[in-house]
Amino acid sequence: MSLDPVTVVVRTLLEDDSVSAAVSGRIFGGFIPPDSLTPLILVRSISRRPTTAPTTQWWDLTVSADVHAVDPAESFQIACAVEAAVNAVVGGQPEGVVAYSEAQRITPVEDGAWTPTRYRNVVTVQMTARSI
């Protein structure tokens, strides 16, 4: 499968003015670059499995959009904007077609491993997609 759900979600969030402006364009796929300022969003692929057997034309995908901020209210507000943006990702993409995209939940995390503490809200997104 060549449709990368991380690329689709990162592009969608960068193109959404409310999300992109809230994090000053700091939306990363796969890893957070060293010395990145908050707030930021880290998008990662969690799982993928074929929807129909034996063909692997359509895939069920799970992606997370992990919102980091030093203010818990800011993190939650950005996560709500992410939720609205990913719920609208249906249709043609440069890499393929997204038939379904929906935020399933927002999970709050207080992460003391960072100094200062980061308040994270992880948006879990379910997608069904296929490559062109």
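For the Cα atoms of the chain, what angle does the longest principal axis make with the long axis of helix 5-15, in degrees from 0 to 90, nearest 10?
Once rounded, one gets 60 degrees.
Hey, fewest Cβ within 10 Å first, where do Arg130, Arg49 land in order? Walk me through the numbers before you get to the answer.
Working: Arg130 19, Arg49 10.
Listing Arg130, Arg49 from fewest to most nearby Cβ atoms yields Arg49, Arg130.
Need one number: nm distance between label points at Ser36 and Ala21, each 7 Å from Cα along Cα→Cβ, rounded to one decimal.
Using points 7 Å along Cα→Cβ, the separation is 2.2 nm.
Applying a 10 Å radius around every beta-carbon, put 118-124, 84-90, 2-8 in order of their mean neighbour count, most first. Could you put the intermediate results ahead of the total?
Working: 118-124: 21.6, 84-90: 17.1, 2-8: 18.9.
Result, highest mean Cβ count within 10 Å first: 118-124, 2-8, 84-90.
Once the other residues with Cβ under 11 Å from the Cβ of Arg11 are scored (Lys, Arg +1; Asp, Glu -1), what is the net sum?
Details: positive: none; negative: Asp4, Glu15, Asp16, Glu95.
Local net charge: -4.
State the dimensionless ratio Rg/Rh of segment 5-131 (Rg: radius of gyration of Cα atoms; Rh: Kirkwood radius). Show your work: numbers first, answer last.
Values: Rg = 14.7 Å, Rh = 14.7 Å.
That ratio is 1.00, to two decimals.
Count the DSSP beta bridges whose two residues both fall in segment 5-131, then state the antiparallel fraction as a percent rounded to the nearest 5. Write down the numbers at each step before the final one.
Details: 38 of 41 bridges.
Taking every DSSP beta bridge within segment 5-131, about 95 percent pair in antiparallel fashion.
I'd like the FRET efficiency for Ala73 and Thr128, computed as 1/(1 + (r/R0)^6) with the beta carbon distance as r and R0 of 25 Å, rounded to 0.05. Please report the intermediate quantities before stating the final value.
Numbers: r = 33 Å, r/R0 = 1.31.
The formula returns an efficiency of 0.15 here.
Can you tell which of Asp16, Asp66, Asp35 shows the greatest fluctuation in a Gaussian network model of the chain with Cα springs below 10 Å?
Most flexible of the set in this elastic network: Asp35.
What's the angle, to the nearest 10 degrees (0 to 90), between helix 72-86's Cα axis and the longest principal axis of the chain?
20 degrees
Throughout, read-outs are computed from the coordinates displayed, never taken from laboratory work. Note that the coordinates shown come from a computational prediction; the quantities given were computed from them, not determined experimentally. With ideal geometry, Cβ positions are generated from the backbone for all residues, glycine too; neighbour counts draw on all protein chains shown.
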